[in-house]
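Derivation of every value follows stated rules applied to the coordinates shown; laboratory data play no part. Just so it is clear, the model here is predicted, and its values are computed rather than measured. Positions of Cβ are generated from backbone atoms using ideal geometry, with glycine treated the same way; all protein chains shown enter the neighbour counts.
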Amino acid sequence: MKSSSTSRGRKKLPGGSSSRQHGDGGDIEAAIVTRDERQKNPKFGDLLEQAEEQAITRLETPAGPSSSERRLVAMEEGIREIPFVLSFTDLSYSIRVRRMSLTGGCKRTLPSACADSVEVVADPETRVLLNQISGEARDGEILAVLGASGSGKSTLIDALANRIARGSLRGTVTLNGEAVEGRLMRSISAYVMQDDLLFPMLTVEETLTFAAEFRLPQTVSKEKKRERVEALIDQLDLRRAVKTVIGDEGHRGVSGGERRRVSIGIDIIHDPILLFLDEPTSGLDSTSAFMVVKVLQRIARTGSIVIMSIHQPSSRIVGLLDRMIFLSRGHTVYNGPPSGLSGFLSDFGHRVPENENHVEFALDLIRELEASSSGIKVLVDFYKSWKSNQPSHSRDSKKRKGKGMTLKAAINASISRGKLVSANTKEGCGRSPEFANPFWRETIILTKRSMLNTHRMPELFVMRLVMVIVTGFILATIFWQLDTTPKGVRERLSFLAFAMSTIFYTCADALPVFLQERYIFMRETAYNAYRRSSYVLSNAIVTAPPLMIHSLAFAAITFFAVGLAGGGEAFLYFFAMTFASYWAGSGMVTFFSGVISHVMLGYTVVVAILAYYVLFSGFFINRDRIPPYWIWFHYLSLVKYSYEGVLHNEFARTSRCFSTGRQMFDNTPLKDLSDDAKAVLLKQLSGSLGGNITLTTCLTTGSDILKQQSVTQLSRWNCFWITIAWGFFFRLLFYVALLIGSKNKRR
């Protein structure tokens, strides 16, 4: 089947050349270029700033059809949008891998004769993922990258989308003949990952609305953002599912095809010029896959360049494609329209049988060649010679170079025609801004979205609260109304140490929270939907209220039941220190979730570190008894400060006596003596000490207990503020971890 895009909107000119038709498009193009020259080539920011006023005026005009409808009507009348051409030349990319080999000449087999002399070593080798890939993609068309698994499809998409670090990728990628820097690329493009990374408890409408809030600037009113969302819902054919939650394994939601279209929608909310998709039909049935590609064709016809990788398209999907690139182990084996594939295979000596999908036939042939002894080289060499012999190839390239618009003028004209809804600039910087919204607005939107998603999944909060209540109940019943005897003192110390350490351990269940959102976060920040700092602050804001509820529940259940001293004021401090402990513990766990991406490994690390914190807290061994080479860990222990704080709260501000003359024998073999015998012993001891010790004399006060526990360096409020500071410090480390570890580019 011959692609309609190759002849769509063209008219023949003298000399055999052709030109895209705009009605008066030639005059318009000449006027724009002349004006551009007259303005001495202003910067991108200047042009985008002028176009922003036009785009905002267009969005604020209530009457008339939408921009999408106008563009579709223009397409039907044969009027083409301002053209964009994305060209890529000689793209090469390789990585270093470590190959396990055997020394001593034994490679694949290990004879017993050389078994003792063989050593397994890691031998680094270079693996080529892309090898001099060239081609182009045009606006209004779909370019599909095909090949077997491991052929380099996703790598090529990443290379074109500027998701490979500079220095690692060789070759050039240009838009209308000009290189596109990273910030501008993020502004005019979108990248849709293979996996559907969505919040499960948000509806389709809410998901797209939050995407609009992130990607569209404040200059666009709420009403116009709403109109953009509604237009996108219709464009993606999601009207029937608009009020349905996305869903996950435990909650029924939209279908797979609808979910994939929502994933596309959140990335094209700003109507980008370039749209990259990594296998958008993966995991879908034939009908759903066809509907997704049909939507992509509709998007392309509005003036976008659509580039996607696809594994094995059906014949109906092939009919929607305009250009195809077949890859095999990083090499190009065909590049051209679908209509030319059969002829290429026939020239290669493998005619496509009648009534057979020529794309599937080509993929099967490539796999056979890859498995053969000669490999794929014969097809790669044939394609190079076949391509060089195509008579129209060089002429078309020269024609496009001569007739293409400058990138600045094309972007300016494209914005004025309705593309790039989020176009905005900073005064004087000459470049589009990194983010559409200010920091405070991003934080509000993120907080609102997270709270809405959490509100619809109350299971986690309820389970944590139940766990806190059960733990508090168990502690309250075990340590019920402790007395002030030396035995009661030991039990109070045990209760306070166990209570504080348990709080930190219960914070470990916060580990999967960010791990579940990690890839959503990486997808959204890849194209600067919001700042990482906004996400960190929003995470802290959303975390605080539940922690306060848990702290209040734990303190209310245990404080009075255990019989802790101090009354109402001491209870408020106990509640505050409980909250500070939750705050510091959740901050530490959140930090590790940003560093460690595996749940089980994260739990292992967190539990081990918490065990060390408890060990060095000062409960099991006093600070004075800790070896000098381990004392630094004592001051790093989070449990130390919360434990010492509640010890001060219990013992430093009370007039209670915790050991009398009668009780001083309780921990000795003399504990069973009668009071008269104890009185005699105390009288003799008083004579030796030069004092008067009776059965009722107070021998140990709260301050004495603090000295015995070596808790003398900090006051209770110092311990509280240090614990709070630890929580902020770990969230700062979390931000640094996101800043360093959430790079979206290959190395």
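Which value in nm describes the separation of the simple spin-label points at D347 and D483, placed 7 Å from the Cα toward the beta carbon? My value for the distance between the label points is 10.1 nm. Calculated from the alpha-carbon coordinates, segment 308-389 shows an Rg and a Dmax of 12.1, 36 Å respectively. Please give me the summed charge of the neighbours of G253: other residues whose Cβ is under 15 Å from its Cβ, Lys and Arg +1, Asp and Glu -1. With Lys, Arg at +1 and Asp, Glu at -1, the neighbours total +1. With all pairs of separate Cα atoms included, segment 156-259 yields a Kirkwood hydrodynamic radius of 16.3 Å. Using 0.36 nm per residue and subtracting the Cα-Cα separation, the extra length available between C698 and E223 on full extension is 163.5 nm.
Taking the Cα centre of segment 497-644 as reference, the dipole from Cβ charges on Lys and Arg (+1) and Asp and Glu (-1) amounts to some 320 debye. Work out the FRET efficiency for R166 and E491 from their Cβ-Cβ distance, taking R0 = 51 Å, and round it to the nearest 0.05. Computed FRET efficiency for R166 and E491 comes out at 0.20.
Given Cα positions, please report Rg to Rh for segment 176-235, the hydrodynamic radius being the Kirkwood one. So for segment 176-235, dividing Rg by the Kirkwood Rh gives 1.04.
Extending 7 Å from the Cα toward the beta-carbon at both L515 and A677 defines two label points whose distance is 6.0 nm.
Along segment 337-350 the Karplus relation, 6.51 cos²θ - 1.76 cosθ + 1.60 evaluated at θ = phi - 60°, assigns HN-Hα couplings of x, x, 5, x, 5, 4, x, 4, 5, 5, 4, 6, x, 10 Hz to successive residues, with x for each Gly and Pro. Label sites at T89 and V605, each approximated as a point 7 angstrom past Cα along Cα to Cβ, lie 4.5 nm apart. Could you run the Debye sum over the Cα atoms of segment 193-321, one equal point scatterer each and no solvent, and tell me log10 of I(q)/I(0) at q = 0.21 Å⁻¹, two decimals? Calculated log10 I(q)/I(0) at the listed q: -1.30. If R0 is taken as 51 Å, the Cβ-Cβ distance between N622 and R96 corresponds to a FRET efficiency of 0.45. In the frame of its principal axes, segment 620-715 has Cα extents of 50, 29, 26 Å, reported largest first. For segment 484-569, pairs of C-alpha atoms spaced more than 20 angstrom apart make up 55 percent of the total. For R656 and S597, the FRET efficiency from 1/(1 + (r/R0)^6), where r spans their Cβ atoms and R0 equals 45 Å, is about 0.35. Our estimate of slack between T406 and N718, defined as 0.36 nm per intervening residue step minus the Cα-Cα distance, is 106.0 nm.
Dimensions of segment 145-198 along the principal axes, based on C-alpha atoms and rounded to the nearest Å, stand at 31, 29, 21, largest first.
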